[in-house]
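Have a look at the structure below, then the notes.
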Amino acid sequence: MTDAEQLALARQFIAVIPHARALGMEVEEMGQGRAVLSMPWAPELVGDPSTGVIHGGAVSALMDTCAGAAVMAHPNVTQVTATIDLRIEYMRAAQPGQRIRAEAVCHHVTRSVAFVRATATDDDRARPVATATGAFTAGGASEVPALSASPEEGGA
């Protein structure tokens, strides 16, 4: 499947997920184990009305959905995925009124588990709002080497 076909399929898939629709998520990029999704700032997503800062739960839902999309975009994953574990580190509040963008990379796949790293940013791309690491189901995948292994991890 080409990256363009994968992007079109991902947009259809996101459109039928109720929470993704409710949060206004959009697929920006997709392909080869990588996904970029975003969602607009909206008053109904604000966690603290006195600051206008978007709720961390909305940011985590975006990151989780983006990470799952990256797994499904990996060429060695042939089935739908589910989150096994997702650790999110919040680094700062997103600026009120700014779109949140999540980028995820599926960096390693075994026969049954895919490993992902993700970052969420607002307009200030140099300072992440949050980062995440996660493990997702990867049923039907064949064992493949890590995309970027260090020498200590058995890479070149």
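The values are calculated or read from the model by the stated rules, or taken from the named source; none is laboratory data. From a predicted model like this one, the values you see are computed outputs, not experimental measurements. Using ideal geometry, Cβ is built from the backbone for each residue, glycine included, and neighbour counts are taken over all protein chains shown. Remember, those area values only see protein heavy atoms, side chains included, never the ligands or the DNA or RNA. Shrake-Rupley method; radii C 1.70, N 1.55, O 1.52, S 1.80 Å.
Quick one: what pairs do we get from the stretch 5-20, first residue among the small types (Gly, Ala, Ser), second open to solvent by 90 Å² or more (accessible area, probe 1.4 Å), C-beta under 8 Å, 6+ apart or different chains?
Final answer for the pair search is ALA15/ARG21.
Would you call THR65 hydroxyl-bearing (Ser, Thr, Tyr), within 20 Å of LEU9 (Cβ to Cβ) and either open to solvent by less than 10 Å² (accessible area, probe 1.4 Å) or under 11 Å from the mean Cα position of the chain (by Cα) (or both)? Walk me through how you get there before you give the answer.
Details: hydroxyl-bearing (Ser, Thr, Tyr): yes; within 20 Å of LEU9 (Cβ to Cβ): yes; either open to solvent by less than 10 Å² (accessible area, probe 1.4 Å) or under 11 Å from the mean Cα position of the chain (by Cα) (or both): yes.
Here the answer is yes, as THR65 does meet what is asked.
Name the residue that is nearest to ALA69 (Cα to Cα), counting only residues in the stretch 7-27 that are crowded, with 18+ Cβ neighbours inside 10 Å and at pLDDT 90 or above.
Residue satisfying both the conditions and the ranking: VAL27.
Looking only at residues in the stretch 99-122 that are in a loop (DSSP other than H, G, I, E, B), in contact with a strand residue (DSSP E or B) (Cβ under 9 Å, 6 or more places away or on another chain) and open to solvent by 30 Å² or more (accessible area, probe 1.4 Å), which one is farthest from ARG87 (Cα to Cα)? Show your work before the answer.
From the stretch 99-122, those in a loop (DSSP other than H, G, I, E, B) are 99, 110-112, 122; that's our starting set.
Imposing the further condition that a residue be in contact with a strand residue (DSSP E or B) (Cβ under 9 Å, 6 or more places away or on another chain) reduces the set to 99, 112, 122.
Right, trim to open to solvent by 30 Å² or more (accessible area, probe 1.4 Å) and you get 99, 112.
Values: ARG99: 22, SER112: 19 Å.
Taking the candidates together, the pick is ARG99.
Taking GLN32, is it touching a His at 6+ places or on another chain (Cβ under 9 Å), of a type in the set (S, T, N, Q) and open to solvent by 20 Å² or more (accessible area, probe 1.4 Å)?
yes
Residues ALA73, ALA82: which one is open to solvent by less than 30 Å² (accessible area, probe 1.4 Å), closer than 29 Å to GLU5 by Cβ and of a type in the set (Gly, Ala, Ser)?
Working: ALA82 fails: open to solvent by less than 30 Å² (accessible area, probe 1.4 Å).
Step by step, each of ALA73, ALA82 is checked, and only ALA73 is open to solvent by less than 30 Å² (accessible area, probe 1.4 Å), closer than 29 Å to GLU5 by Cβ and of a type in the set (Gly, Ala, Ser).
Pick from ALA94, ALA114, ALA120: which is out of contact with any Phe, Trp or Tyr (no Cβ under 8 Å at 6 or more places or on another chain) and modelled with pLDDT of 95 or more? I'd like the intermediate steps shown before the answer.
On the way: ALA94 fails: out of contact with any Phe, Trp or Tyr (no Cβ under 8 Å at 6 or more places or on another chain); ALA114 fails: out of contact with any Phe, Trp or Tyr (no Cβ under 8 Å at 6 or more places or on another chain).
Answer to the check: ALA120.
Would you be able to tell me the number of residues in the stretch 47-56 that are in contact with a helix residue (DSSP H, G or I) (Cβ under 9 Å, 6 or more places away or on another chain) and open to solvent by 20 Å² or more (accessible area, probe 1.4 Å)? If you could, list the steps in order and put the result at the bottom.
At the first step, the residues of the stretch 47-56 found to be in contact with a helix residue (DSSP H, G or I) (Cβ under 9 Å, 6 or more places away or on another chain) are 47, 49, 52, 54-55.
Within this subset, residues satisfying the condition of being open to solvent by 20 Å² or more (accessible area, probe 1.4 Å) are 47, 49, 55.
Summing the residues that are in contact with a helix residue (DSSP H, G or I) (Cβ under 9 Å, 6 or more places away or on another chain) and open to solvent by 20 Å² or more (accessible area, probe 1.4 Å) in the stretch 47-56 gives 3.
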